Amino acid sequence: MMPLLIIVVVLALYVILAYNGLVQLKIRSEEAWSDIDVQLKRRYDLIPNLIETVKGYAKHEREVFEKVTEARTAAMSAKGIKGQEQAENQLTAALKSVFAVAEAYPDLKASANFGKLQDELADTENKIEAARRFYNANVRDLNTKIKSFPSNMIANTLHFETKQLFETVATERETPSVNFEEK
């Protein structure tokens, strides 16, 4: 009788520890997604200022500004990780076109306001990248625990689901070559 009781107690403790570990990893991955969301909001807030600054110098580039505005709106309303991922990649491409337009306007490149916005946007992009890595690390740990034996039995029984990584497209992995200094 005593060995059976010990086995039941050990099994119960394992289930409790495994469940708590899964919950902890799930909460960490949700917190990490929230960190990405905060940085994306900061990025969205900087974009209108960037557009207005560039508009002052490059009045004839309406199509570029419209694409950035549309991409920003789509990114702000994107749902789910895959939708957010696609929208962010489109926004990144649109922002690259703004910086490409800026190359044609030496006065804009020399503008202190544009330089400050460029620095803030670069800082935000770095923070998004760090938040993305933190999120992906937490999702990796959660997914590993959900798929590993024997915790997978508990995860499946209690309906824990794997999460998607927040990845970049191949073109975003390439470092853009943007030079704002006079030649």
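Selection of the stretch 41-79 for residues being among the small types (Gly, Ala, Ser), surrounded by fewer than 16 Cβ atoms within 10 Å (Cβ to Cβ) and modelled with pLDDT of 90 or more yields only 77. Would you check if residue 29 is surrounded by fewer than 17 Cβ atoms within 10 Å (Cβ to Cβ) and within 17 Å of the chain's Cα centre (by Cα)? Considered against the rule, which asks whether it is surrounded by fewer than 17 Cβ atoms within 10 Å (Cβ to Cβ) and within 17 Å of the chain's Cα centre (by Cα), residue 29 comes out as no.
Looking across the stretch 113-159 at every residue that is of a type in the set (Lys, Arg) and farther than 20 Å from residue 27 by Cβ, the one that is surrounded by the most Cβ atoms within 10 Å (Cβ to Cβ) is identified as 127. Of the helices (runs of 4 or more DSSP H) lying entirely inside the stretch 83-175, the ones with 1 or more residues being of a type in the set (Phe, Trp, Tyr) and either in contact (Cβ under 8 Å) with a residue 60 or more places away in the chain or closer than 23 Å to residue 19 by Cβ (or both) are found at 112-147.
The values are calculated or read from the model by the stated rules, or taken from the named source; none is laboratory data. Since the model is a prediction, treat every value here as computed from it, not as a measurement. Glycine also receives a Cβ, built like all others from the backbone with ideal geometry; neighbour counts cover every protein chain displayed.
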